[in-house]
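Accompanying notes for the structure given below.
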Amino acid sequence: MQHTVIIGNGVAGITAARHIRKLSDNKITVISGETDHFFSRTALMYIYMGHMKFENTKPYEDWFWSKNKIDLMREWVTSIDFDGKTIVFKNGTSLTYDQLILATGSQSNFFGWPGQDLKGVQGLYSYQDLELMEENTKNVKSAVILGGGLIGVEMAEMLHSRGIHVTYLIRESHFWGNMLPKEEGTLIDNHLAEHGIDLRTETELEEILDDGNGHVKGIKTKTGEVIDCQFVGLTVGVHPNIDLVKDSKVETDRGILVDEKLQTNVPDVYAIGDCAQQKNPPAHRRPIEAVWYVGRMMGETVAHTITGNETKYQPGVWFNSAKFFDIEYHNYGTVLPTCQEGCSEFYWECHDKKKCIKVIYETNSLKVKGVNLFGIRNRHEVWDNWLSQEKTLDHIIGNLPEANFDPEFFTHWEGEIQEKFNSEFSDKTVNVRKRGFLEKIFA
Amino acid sequence: MKTIRYTGLIAFLFSLGLFLSLFFTSTYTLTEQIFTSNVKAEHQETLGPELAGMMDREYSLSIPFVKDLNAAVNTVNERMRSEQQWDKVIYDDYAGSLTRASTSGLIQDQTTLLFILVFIVGAVGALMFILPQIQLGGPAGIKHNGIFFNALNNRGWIGMLTGGLLVVFYVLLYFYPAYITNWIILVDPVQKLLNPGATSSQWFLYGFLYTFAVLVMGVRMIIKYRHSKYQIFRTISVMFFQTAFAFLIPEILVRLNQPYFDFKNMWPLDYDFFDAWHINMLTTSGGTGIFMFAWGISLFAIGVPLFVFFFGKRWYCSWVCGCGGLAETVGDPFRQLSDKSLKAWQIERYLIHAVLIFGLLMTGAVVYNFISGTNSILGIDTYNYLRKPYGFLIGSIFSGVIGTGFYPFMGNRVWCRFGCPLAAYLGAVQKFKSRFRITTNGGQCISCGNCSTYCEMGIDVRWYAQRGQNIIRSSCVGCGVCSAVCPRGVLNLENRDEDGRFNQPILLGNDSIKVSN
């Protein structure tokens, strides 16, 4: 019986374990120093906000693991002997494996700011970070967050839920500037302001100030402005957690280098999820994608290879999602912060400034490359088909109601979107969705 | 704004306190005159001597007064039974009528004023507490901050206290209504308004409180979910059906000399529908009665399969039903307390189907007796061994005391989930023959757990969503909260092609492998 050992019990590692179990009778051991059981990392914020307890964030009940013969170990790994196929733990014990999957996730970035080691300064990634944040934010009145990305806005929402005043510093001219185009970013900027978040765009951190007792008392920006606070959240992105293998025979760059079968250069050693870096990423995909969905898909895929059915990792059409306070965000396909060469964009925004859609298409052929949706839910399946079949903008706008996934009775915006399209493309006009009888009554 | 809120809270707590303290306020004095005008002539002779000690004695609490009354009746009955004078055994409920007639004090003198102080001030106070949330609570969206830190919402001391009060209230209401005579008198002005010839009963008190609670907490629900038209329409629907169908129309029917009838209540939830007295009452009330009887049968025989096929069981459970109406309004603060474990699901399936079978057996026996004109079936006395235990165990204890009293302990759908035979029936249709499902949107689930946490029926929604499977569960009442709380827009309640519900290829977003389920 083969022994498959997985380091990391996040979504990548656990998905791999579940699928290996489905496909084989391998002995499976999942190791984590973080928590006893798999939990949803994306749900950490909800524990702090009181929406859920930690128990609620566990996708499987505790009996699930023994029932499915997946052994869980709560240990920190200190080193791996790849020649002897042996893992050594912090407590001195060791474990041998036949195949090893590295799913060690990410670490928060710290860019060496003066004062970043003060008490009350932290990032947010792990369960331990959450516990620290609970500790660090006791009796805190105001906080500063640095970094306009997903974790930053989550942290803002978390602190805001406890009545802590948040000043939010971002380097770019609008929120999430390295992913979102201007219009969408501005829409979120406005929404943050609506919630009372003090957003400071194009503001950079100079240093974090010490209160004399090793605790943060404020920050200084590059323009010399001092902002008082008792807590600083550093959320300037994450990087692959490769400490364990950095100085080993496993090839690394920013992440652990893997081929299309997710294998490292060492036989029987695989890397998946946030920690993996693809040597030859598929077209239009980045080599490192620290996203929940990618971790899941890599876990699904590597399980096949490990159980004897060699399978290449071939992600489908890119998709991602997030929620910024009350506004949901969905992205299918490629939408860059600045429209790529040869492409144009179609943009519609609702009068309430809380919903918008941006479609990127090839200027000449009108083939659609990607879409950003804010505040309107659309069907993954429909967009996946449209994008993989390279449908044109007029086709998609004409059939937009088909993609709608909003709950029943919600206002339909497709008609308005189609009218805007018709006014911009008078030679390609599409039929405008008519409102139903009940819609007219309740509108 | 905050001042308004806290003033409202104080007003509400004042009303609640006043309501509770009314239990203790009156004095009770039985007089010869009350006795003779409330007790039947044939009972006066036997009961009179037993009550002699109570005459003109002032009691300051209802409990000893009612106890002494009941003791007197019991003494008479025991003696008559031992002497085998069966015709002299007293079956009338003199505790209720005598206590009411003997009550004097504030509640009798100032009924209307007290009514205003309790219910009008209470409602205004509650609304003052609720309405400012539109502004204070921030922009429309999910409002679950701090739920699990809250002593009411997370089985803290306020929750325990609330649950305890509810349980005590239900026990008094069902089994010791004479104790709460003061509360029954309190709602008499409304009873008189609707039907000047009637006097409020324990059931009128219950109906009024129920409707009052659904309306006030319905406003809260609408404000909380004001970003979702589905939630707004659904809440307005349950508020309407409770107020019009369950509360007003039956009273108006009685005023028009028609049978008391709730047009939206349905067998087998309405378990006495086929009781001989009920069938007789309807069939002897002319055309209207016959129509009601036919309506009641059509509702479960045709309405259920038809509407569940097109819309799922939600058309009833979370849009029309009274129990559902209470759960979706008053119960909303407790929805996260339902148990999501597999174990709970197993218990649920055994329990709810056992109640359904019990209900079917009981009804079958009752109908058999009605048709054959007998009192027993296969040698078993139907009333004592089937109908009465069902009414006590299921009708009172399960659906009332536990069903509502346990909101703060086990979530707001304890009855609907574990006990309601109608829910079991609707659920069976929903599972096997319906267009309804909760659609999972491709591979977008992040397993966060909000859907499962806030599912009042204890469905582990995430179990399915994270696999990309649609959710087709007989217990789903279609409240739509999983869809509302999902931070990634993964879940949507839909009535669509029946064939597409399950066993379809699943979109994972991963072209490496294929999964279907």
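The values are calculated or read from the model by the stated rules, or taken from the named source; none is laboratory data. Since the structure is predicted, the reported quantities are computational estimates derived from the model, not experimental observations. When we count neighbours, we look across all protein chains shown, and the Cβ atoms used for this are built from the backbone with ideal geometry, even at glycine. With ligands, DNA and RNA removed, areas are computed over all heavy atoms of the protein, side chains included. Shrake-Rupley method; radii C 1.70, N 1.55, O 1.52, S 1.80 Å.
Here are the numbers for this structure:
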| read-out | value |
| --- | --- |
| Coordinate range along principal axes, alpha carbons of the stretch A:121-236, Å, largest first | 43, 32, 23 |
| Where a label projected 7 Å from the Cα of residue B:240 along Cα→Cβ would reach, residues of the stretch B:178-209 with amide N under 11 Å | none |
| Label-point separation in nm, residue B:36 to residue B:199, each point 7 Å along Cα→Cβ | 1.8 nm |
| Accessible area per residue in Å² at 1.4 Å probe, computed on the stretch B:167-242 | 34 Å² |
| Length gained when the stretch residue B:121-residue B:367 is fully extended (0.36 nm per residue, less Cα-Cα span) | 83.8 nm |
| Cβ-derived FRET efficiency at R0 25 Å, residue A:280 paired with residue B:515, nearest 0.05 | 0.50 |
| Packing rank of B:201-212, B:126-137, where each peptide gets the mean count of other beta carbons within 10 Å, highest leading | B:201-212, B:126-137 |
| Amide proton proximity set for residue A:30, modelled H, under 5 Å, gap of 5+ | A:6, A:71, A:72, A:73 |
| The protein assembly as shown: antiparallel DSSP beta bridges as a percent of all, rounded to 5 | 60 percent |
| Under Karplus coefficients 6.51, -1.76 and 1.60, residue-wise ³J(HN,Hα) of the stretch B:273-285 in Hz, glycine/proline x | 4, 9, 4, 3, 4, 6, 4, 4, 4, 5, 6, 9, 9 |
| Residue B:297-residue B:506 FRET efficiency (beta carbon distance; Förster radius 35 Å; 0.05 resolution) | 0.25 |
| Cα gyration tensor, the stretch A:291-364 - rounded (a/c under 1.5), prolate or oblate | oblate |
| Calculated FRET efficiency for the pair residue A:389/residue B:288, C-beta based, R₀ 45 Å, to 0.05 | 0.15 |
| Net charge of neighbours whose Cβ lies under 15 Å from the Cβ of residue B:437, counting Lys and Arg as +1 and Asp and Glu as -1 | +4 |
| Average Cα contact separation per residue, chain B, under 8 Å, 6 or more apart, as relative contact order % | 13 percent |
| Inter-label distance, nm, simple model (7 Å from Cα along the C-beta direction), residue A:71/residue B:306 | 6.2 nm |
| Extended-chain gain in nm, criterion 0.36 nm per residue less alpha-carbon gap, residue B:353 and residue B:113 | 81.6 nm |
| Estimated Rh, the protein assembly as shown: Kirkwood, alpha-carbon pairs, angstrom | 31.8 Å |
| Area buried, chain A against chain B - accessible surface, total, 1.4 angstrom probe, square angstrom | 4900 Å² |
| Helix axis angle, B:62-82 relative to chain B longest principal axis, alpha carbon, degrees | 70 degrees |
| Relative contact order of the stretch B:12-104, defined on C-alpha pairs under 8 angstrom at six or more residues apart (%) | 40 percent |
| Dipole axis of chain A (+1 Lys, Arg; -1 Asp, Glu on Cβ), positive-most option in A:258, A:115, A:342 | A:258 |
| Label-zone membership for the stretch A:326-355, site residue A:364, 7 angstrom Cα→C-beta point, backbone N under 13 Å | A:342-343 |
| The stretch A:15-89: proportion of alpha-carbon pairs further apart than 17 angstrom, % | 56 percent |
| Pairs beyond 24 Å (Cα-Cα), from A:119/A:222; A:90/A:119; A:138/A:217; A:355/A:420; A:391/A:428 | A:90/A:119 |
| 1.4 Å probe accessible area per residue over the stretch A:114-223, in Å² | 42 Å² |
| Cα-based convex hull, the stretch B:27-104, per residue volume (Å³, whole number) | 75 Å³ |
| Check: the protein assembly as shown dipole with +1 on Lys, Arg Cβ and -1 on Asp, Glu Cβ, in debye | 1160 debye |
| Virtual paramagnetic centre 7 Å along Cα→Cβ of residue B:255, amide N under 11 Å, in the stretch B:86-118 | none |
| Among A:355, A:85, A:67, residue whose mean-square fluctuation peaks in a GNM of chain A (springs only between Cα atoms under 10 Å) | A:67 |
| Net charge over other residues, Cβ less than 12 angstrom from the Cβ of residue B:381 (K, R count +1; D, E count -1) | +2 |
| Segment residue A:1-residue A:182, extension gain: residue separation times 0.36 nm, minus the distance between their alpha carbons | 59.7 nm |
| Cα shape, the stretch B:347-452, gyration tensor, a/c 1.5 rule | oblate |
| Convex hull volume per residue for chain B, taking Cα atoms only, in Å³ | 170 Å³ |
| Distance between modelled label sites at residue A:251 and residue A:338, nm, 7 Å Cα→Cβ extension | 3.3 nm |
| Chain A: calculated mean residue ellipticity at 222 nm from DSSP helix runs of at least 4, using -39500 (n - 2.57) | -7000 deg cm²/dmol |
| Within the stretch B:207-346: Cβ-based charge dipole about Cα centre, in debye rounded to nearest 20 (Lys, Arg +1; Asp, Glu -1) | 740 debye |
| Net charge of neighbours whose Cβ lies under 9 Å from the Cβ of residue B:487, counting Lys and Arg as +1 and Asp and Glu as -1 | +1 |
| Whole-number percent relative contact order across chain A, with pairs defined as alpha carbons under 8 Å at least 6 apart | 13 percent |
| Relative intensity, log₁₀ I(q)/I(0), of the stretch B:153-434 from a Debye sum that treats every alpha carbon as a point, q = 0.07 Å⁻¹ | -0.26 |
